[in-house]
Amino acid sequence: MKIGFTGHQQRPGINWNWVKEAITDELRKVEKPLIGLSSLAKGADQIFAESVLTEGGSLRVIIPTKDYAKYFEGAVLERYHFLIEKAEIEKLDNTGSDQEAFMAAGQHIVDSADRIITVWDGKPAQGLGGTADIVQYAHMQGKHVTHINPILRQVLYFQY
């Protein structure tokens, strides 16, 4: 099963250990073989990618921009490179702004996935292509969405 992912990079109040446990619990429920689709943004995306690999799945990484690595630094950049080494890479050829590229990557993930897992506080996106935008797109496409709310520490299921 192909599981697409979108989630927060950072936000006050998130217990990242709880997020990892919630993601792992959801991945254990899906039909195998498991293929995880992600852009490997810092935070929840990288946790999802690691969990996919830990659960024996394969990873497909969607790279939104030519110079995407510029958005990473330090340990997050090292983690990004580590995960890229273990993944099938798909580079998008976007000629718009970086935010338009992020939106296109999120839409591509949704379109390519059987279902979506999101780590999202339920609030509006802070820029084009943010988690809320991708969740809204998934809903419009009729995808099954597993919503892991890291603030309320609850998991909700939606099918549109």
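For the range 137-146, the count of residues that are over 16 Å from Ile3 (Cα atoms) and surrounded by 13 or more Cβ atoms within 10 Å (Cβ to Cβ) is zero.
Exactly one residue among Leu152, Leu77 is hydrophobic (A, V, I, L, M, F, W, C), more than 14 Å from Ile62 (Cβ to Cβ), out of contact with any helix residue (DSSP H, G or I) (no Cβ under 6 Å at 6 or more places or on another chain) and exposed (fewer than 14 other Cβ atoms within 10 Å of the Cβ), and that residue is Leu152. Residues that are acidic (Asp, Glu) and either touching a His at 6+ places or on another chain (Cβ under 6 Å) or under 19 Å from Ile134 (Cα atoms) (or both) within the range 27-54 comprise just one, Asp45.
Name the residues in the range 47-61 that are in a helix (DSSP H, G or I) and either surrounded by fewer than 21 Cβ atoms within 10 Å (Cβ to Cβ) or of a type in the set (Val, Ile, Thr) (or both), would you? Write out each step before concluding.
Here is the first cut: in the range 47-61, the ones in a helix (DSSP H, G or I) are 47-54.
Ile47, Glu50, Val52, Leu53, Thr54, listed by residue number.
Taking the range 43-61 as the range and being in contact with a Pro (Cβ under 9 Å, 6 or more places away or on another chain) and in contact (Cβ under 8 Å) with a residue 60 or more places away in the chain as the test, only Ala44 passes. If only one of Leu40, Leu34 is within 20 Å of Val61 (Cβ to Cβ), in contact with a strand residue (DSSP E or B) (Cβ under 7 Å, 6 or more places away or on another chain) and without any contact (Cβ under 8 Å) to a residue 40 or more places away in the chain, which one is it? Step by step, each of Leu40, Leu34 is checked, and only Leu34 is within 20 Å of Val61 (Cβ to Cβ), in contact with a strand residue (DSSP E or B) (Cβ under 7 Å, 6 or more places away or on another chain) and without any contact (Cβ under 8 Å) to a residue 40 or more places away in the chain. Filtering Ile89, Ile47, Ile84, Ile62 for residues that are in contact with a Lys or Arg (Cβ under 6 Å, 6 or more places away or on another chain) and at pLDDT 95 or above leaves a single hit, Ile47.
Got a sec? Which of Phe82, Phe72 is more than 15 Å from the chain's Cα centre (by Cα), of a type in the set (Phe, Trp, Tyr), surrounded by fewer than 20 Cβ atoms within 10 Å (Cβ to Cβ) and closer than 22 Å to Thr24 by Cβ?
Phe82 is the lone residue from the list that is more than 15 Å from the chain's Cα centre (by Cα), of a type in the set (Phe, Trp, Tyr), surrounded by fewer than 20 Cβ atoms within 10 Å (Cβ to Cβ) and closer than 22 Å to Thr24 by Cβ.
The values are calculated or read from the model by the stated rules, or taken from the named source; none is laboratory data. Fair warning: this is a prediction, and the values are worked out from it, not measured in the lab. Neighbour counts are summed over all protein chains in view; Cβ atoms, including those assigned to glycine, are modelled from backbone coordinates with ideal geometry.
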